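Read-outs throughout are calculated quantities, based only on the coordinates presented, and are distinct from any laboratory measurement. Remember, predicted model here, so these are calculated numbers, not experimental data. Heads up, the Cβs are rebuilt from the backbone with ideal geometry, glycines too, and the neighbour counts pull from every protein chain shown.
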Amino acid sequence: MTPYFGMLGEGRARKAFVMAREDIGRFVTHLAVSFEVCAPVDEGGVTRFVAVDPDGACGAWGPGGSRYLSTRPLKELFFPQQETLFAFEAHSGTQTAAVLRAPAPRDDPGLAHDRGLARTRDERRAPSPSGVLRVVFGTRPCDARSLALLDLVFDAADYKDPYYISRRRETALVTFACSEPGIACFCTSVGGGPFDETSSDVVIADAGEEHVVRPLSAKGEDLVRGFEPLQEAGERELKALRETRARAEARMAGQAVPVDAAVSRLGGAFGHPAWDEVHRKCLGCAVCTYLCPTCHCFDIGDEATRTGGERVRNWDSCMFPLFTLHASGHNPRPSRRERFRQRIMHKFNYFVENHGVAACVGCGRCVENCPVNVDVRRVLEVFAAL
Amino acid sequence: MLTRGSSGRTAEVAGRLREIAADLLATGEIDVFVGYEEGTLPLRTSPAFLTRPDDVSRLVWNYMCENNLAVYLPGLKGRVGVVVKGCDVRALVNLVVERQVRRDDVKIVGVPCGGVVDRRKLMAVLGEGQKTIRSAAETADGAVVVAVTGDGSERAIPIDEVLSAPCLACAHPVPIVYDFLAGDDGAARGACPRERAYSDVDAFASRTPEERFAYFAREIDRCIECYACRQACPLCYCPECFVDRQSPKWVGRWRDLSDKMVFHLGRVLHTAGRCVDCGACRRACPVGIDLRLLAKRMEKDVLEFFGHEPGVDLTAVPVLATYSREDPGDFIL
């Protein structure tokens, strides 16, 4: 039987391959022949996923290379911070009529948010047999898992978001298993893990001197097809892989957070005085929500001129007063206390009630980037102990 | 351990802070004491709000006490004790002058400041991401020792190499106003002489306009509009920021570079003659935008044109709130 190292696999074994560490750059080059490749790139100390040159500009990244999560979350490749849903033109005469048209691709170099996201497709490229046009190379298991949670929102039975779904359909994820989880990571407490395979199409993992490469889906098969350096993995590599995984999971066991206990108490804790304390140092900025790979709230508005305009969707944040401000001037969440509570409740109570799972993948970005070290792990501990 | 107590001078300061806080809370002179406690990550402390004398053992003092706690004062009810560094108290003075905080409601607990560590600089020196630092400690002789994960090796880095830029240009390391001073003012960093305070601003000003614009465009282009800079700033206390106004709207729905610039330039202008270069905005920024350079240039202009240094005088009227016949008018056509 082909060895299997998945946590949440599809129930059928797929082959595991092995490649030399130095072949990872060649793999990117191989992918770039057929696909647009996005990879985490360092821009002045801030890492984010952008389209990279076919030459494998992301050579520093690999499961055994630079080991960290991108500063900015994977979600922006599927649900960008800003996007035009459609454009319209106004024709004045005796009447004004709006004519809808597809948004023009924006090619303003000043628009960081658009780089690598909504670029004009290279028409010479055809989708792979499974429909892949774009490969995201170097995601982490937590970020990949975040897409499974976003799918619940944007690809639900009662609402289909065509913008998100089309990007999702044509994108394949190559995930690096985490040999060395970070100190703010708590993925195992929210159903994930350093070797979690959820939403990934290929997983690459450290196995001593080599990398083990495992396609997990039809998309994943399309990615590894024809890449010659891949050899079938043997018992030696798989043993090394199991050791790496055991070390990573042992580290995560020491970083467990009582999420389940907190989830079970939050439903009855809406009016609890603990909120008075846990929000106190919060400054009310949107670092936690904007860097969160699962936060998905947005605002829609029109950017119009005399002759036309665009309907634009922007990320929004429950931490801002404007988020729930009514036209009357009334605000049902008048202070940071209510807004802080909303963030925690949405993730660990409402989302659980609606979808059966918490809207958190334990990546630790909110923990690491909060200007005043508000730590969601401590907040959950407070409620778990009620 | 840097965030688990400290050694030498900083431990003495922490001890003094605990005594002062316990005393103020026990006598009922204040309702809440705002200081720093150990953070949940290496190289971090976190603001702490204490209401009982028994809580004061949580207070710490070290080179990572980076937040400007004056930011909380306008929102706090009752009488407050607050720990301030030299820069923080100047923001507090501004809040008093601008009538956002009543001087009588605040017990100012100053600390002669040795500067705070810039975590980004430290990461750059280490060449690795923060996640690799499993623990960190400061030595009594002013070095920062950092234990790096994996091979467990330690690196000792002199503190001057990793201090925040505002600390290196600080003219008032000892708080100019206080009710209590925790520690010996001889322990503070030496004040930076004025002729050196603007060397980075002057060096930048010598570049061509195109180069300068390109620099700001590149910096501000990274902005994700999280407004952490605004929220961390003690002087950004407007009930409604101009970028949040719905009518009229100052920033567009499609927030391109010019919209982001409107926000950042607007903020610099609105804090002109008020900004005390505490560095809170830049530290809060999750994408590391250089928010300081333009503000520092504004500080220099206000000083040269109007002779005003913000936050050093409880009776001085802010530059933007007054008019003098001696104000320079050369720019009026």
For the protein assembly as shown, the dipole about the Cα centre with charges only on Cβ (Lys and Arg +1, Asp and Glu -1), to the nearest 20 debye, works out at 1120 debye
Answer with one residue from A:V357, A:V41, A:C370: the one whose Cα lies farthest towards the positive end of the charge dipole of the protein assembly as shown, charges on Cβ with Lys, Arg +1 and Asp, Glu -1.
A:V357
What is the distance, in nm, between label points placed 7 Å from the Cα along the Cα-to-Cβ direction at A:E338 and at A:Y350?
1.3 nm
Ranking request for peptides A:139-146, A:203-210: highest mean number of other beta-carbon atoms within 10 Å first, then the rest in descending order.
A:139-146, A:203-210
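Give the order of B:K107, B:K296, B:K77, B:K85 when sorted by the count of other beta carbons within 10 angstrom, beginning with the fewest.
Numbers: B:K107 18, B:K296 21, B:K77 8, B:K85 29.
Listed from fewest to most nearby Cβ atoms, that is B:K77, B:K107, B:K296, B:K85.
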Can you work out the base-10 log of I(q)/I(0) for the stretch A:143-261 at q = 0.09, 0.21, 0.23 1/Å, using the Debye formula on its C-alpha atoms alone?
-0.31, -1.18, -1.27
Sort B:190-197, A:188-195 by the packing proxy (mean of other Cβ within 10 Å over each peptide's residues), most packed first.
A:188-195, B:190-197
Which value in Å is the Kirkwood Rh of the protein assembly as shown over different Cα pairs?
27.4 Å
Compute the whole-percent fraction of alpha carbon pairs in the stretch A:257-386 spaced more than 24 Å apart.
32 percent
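What value, in deg cm²/dmol to 500, does the helix sum -39500 (n - 2.57) over DSSP H runs of n ≥ 4 give at 222 nm once divided by the residues of the protein assembly as shown?
Details: 23 runs with 212 residues, N = 719.
Result for the protein assembly as shown, helices only: -8500 deg cm²/dmol.
Counting other beta carbons within 10 Å of each residue's own, what order do A:V372, A:V224 fall into, fewest first?
Details: A:V372 26, A:V224 20.
Taking fewest neighbouring Cβ atoms as first place, the list is A:V224, A:V372.
Per residue of A:282-292, count partner chain C-beta atoms within 10 Å of its C-beta, then hand back the mean as an integer.
Values: counts 2, 12, 6, 10, 7, 10, 3, 1, 7, 4, 0.
Shielding by partners across A:282-292 averages 6.
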Taking 7 Å along the Cα-to-C-beta vector as the label spot, tell me the B:D105-B:E154 distance in nanometres, rounded to one decimal.
4.7 nm
Pull the list of chain B cysteines that no other Cys approaches to under 4.7 Å, Cβ to Cβ.
B:C65, B:C113, B:C167, B:C170, B:C192, B:C223, B:C226, B:C238, B:C241, B:C275, B:C285
Project the alpha carbons of the stretch B:194-320 onto their principal axes and report the range along each, largest first, in whole Å.
42, 36, 25
Under a plain spin-label model, where a point goes 7 Å from the Cα along Cα-to-Cβ, how far apart in nm are A:D53 and A:T324?
5.0 nm
Listed with the fewest Cβ neighbours within 10 Å leading, A:V257, B:V262 appear as B:V262, A:V257
Please give every one of the lysines within straight-line cross-link reach of B:K85, meaning a C-alpha to C-alpha distance under 20 Å, and leave out same-chain neighbours fewer than 8 residues apart.
A:K281, B:K107, B:K296
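Determine Rg/Rh for the stretch A:252-304; Rg is computed over alpha-carbon atoms and Rh is the Kirkwood hydrodynamic estimate from the same atoms.
On the way: Rg = 16.2 Å, Rh = 14.8 Å.
Answer for the stretch A:252-304: 1.09.
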So what's the projected area for the stretch B:5-140, the Cα convex hull averaged over all directions, in nm²?
8.5 nm²
Net charge around B:I20, counting only other residues with Cβ within less than 13 Å of its Cβ (Lys, Arg = +1; Asp, Glu = -1)?
-2
Where Lys and Arg each count +1 and Asp and Glu each count -1, what net charge lies around A:V224 among other residues with Cβ under 13 Å from its Cβ?
0
Using the C-alpha gyration tensor of the stretch A:241-282, what are the square roots of 5 times its eigenvalues, in whole angstrom, with the largest one first?
34, 13, 6
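At 0.36 nm per residue, minus the direct Cα-Cα distance, what do B:E98 and B:D200 gain on full extension? Give it in nm, one decimal, please. Write out the running numbers ahead of the final one.
Working: separation 102, 0.36 × 102 = 36.72 nm, distance 2.98 nm.
That pair, B:E98 and B:D200, stretches by 33.7 nm at full extension.
Write down Rg/Rh for chain B, rounded to two decimals, with Rg from the C-alpha atoms and Rh from the Kirkwood relation over Cα pairs. Show your work: numbers first, answer last.
Values: Rg = 20.4 Å, Rh = 21.1 Å.
When Rh is taken as the Kirkwood radius, the ratio is 0.97.
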On a C-alpha basis, how far is the centre of the stretch B:19-44 from the centre of the stretch B:61-87 in Å? Whole number, if you could?
10 Å
